[in-house]
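Inspection log for the structure reproduced underneath, given as structure tokens.
The values are calculated or read from the model by the stated rules, or taken from the named source; none is laboratory data. Quantities reported herein were computed from a predicted structural model and do not represent experimental measurements. Reconstructed Cβ throughout: ideal geometry from the backbone, glycine too, with neighbour counts over all protein chains shown. In case anyone asks, the SASA skips ligands and DNA or RNA and just uses the protein heavy atoms, side chains included. Shrake-Rupley method; radii C 1.70, N 1.55, O 1.52, S 1.80 Å.
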Amino acid sequence: DRGDLVAKIYKPRAMKETKEILRKRSKLNVMIASPPNNPTETQGHTSIAWPLDVLTNTSHDFCGFLMPRIRGVNLIHVYNPKLRQKTLNDFNWKYLHVAAQNLAWIIHLIHNKGYVVGDIKPENILVNNRALISIVDTDSFQVTDPVGGMVHLCPVGSVGLTPPELLGVDLGKVVQNHEHDNFR
């Protein structure tokens, strides 16, 4: 009954937690313990759909996580003139520039926290009518545990947005850096 929260539920694969599920839970625990600051909190806006808590089923098996609900339109609706006219008709060049600046600023803050976004694509970036940006699908970020130093990799990428040096590489086995995000 909380309209400000949503859950991401992972599909059950087996009765026991697999290594992949254990890795996801470990990564989420690190993320929950060390969230980045929300730079637009004073404006009543959530810039990063960061995990808030892990979820378990009635058997106490890990099954997903809880995060803030984000409202806005997909980035493609901002940079595509025809879609923008339908969904954000008041967006002029000033709004486009402000939205771009806000996206760069939020990614910079994420990098300052030591995280790599990894899967930067239009579907993972939402924009509201005030040109405020929200990044979603944060559980795919590359996260380094500040306590033990373990790197939880970003195993996914998007066609056309992957840096050339990572093409054909198993992203689930490579440590990425901020420059890779800069290419994206």
Original post:
When you scan region 156-180, how many residues do you find that are of a type outside the set (A, V, I, L, M), open to solvent by 20 Å² or more (accessible area, probe 1.4 Å), assigned to a loop (DSSP other than H, G, I, E, B) and in contact with a strand residue (DSSP E or B) (Cβ under 9 Å, 6 or more places away or on another chain)?
Top reply: 1
Subject >> Selection from region 71-117 of residues that are open to solvent by 100 Å² or more (accessible area, probe 1.4 Å), closer than 18 Å to H45 by Cβ and either in a loop (DSSP other than H, G, I, E, B) or among the small types (G, A, S) (or both) >> reply: R71, D90
Original post:
Looking only at region 118-128, which residues are part of a helix (DSSP H, G or I) and either open to solvent by less than 50 Å² (accessible area, probe 1.4 Å) or among the polar types (S, T, N, Q) (or both)?
Top reply: P122, N124
Subject >> Residue among K86, K27 that alone is touching a His at 6+ places or on another chain (Cβ under 8 Å) and within 19 Å of I9 (Cβ to Cβ) >> reply: K27
Original post:
Does at least one position in region 129-152 carry a residue that is of a type in the set (D, E), part of a loop (DSSP other than H, G, I, E, B) and open to solvent by less than 50 Å² (accessible area, probe 1.4 Å)?
Top reply: yes
Original post:
When only residues in region 75-103 that are β-branched (V, I, T) and farther than 13 Å from I133 by Cβ count, which is nearest to the chain's Cα centre (by Cα)?
Top reply: I76
Original post:
Quick one: would you say G3 is of a type in the set (G, A, S) and without any contact (Cβ under 8 Å) to a residue 40 or more places away in the chain?
Top reply: no
Subject >> Unmet criterion (only one of (1) at pLDDT below 95; (2) in a strand (DSSP E or B)) for D1 >> reply: (2)
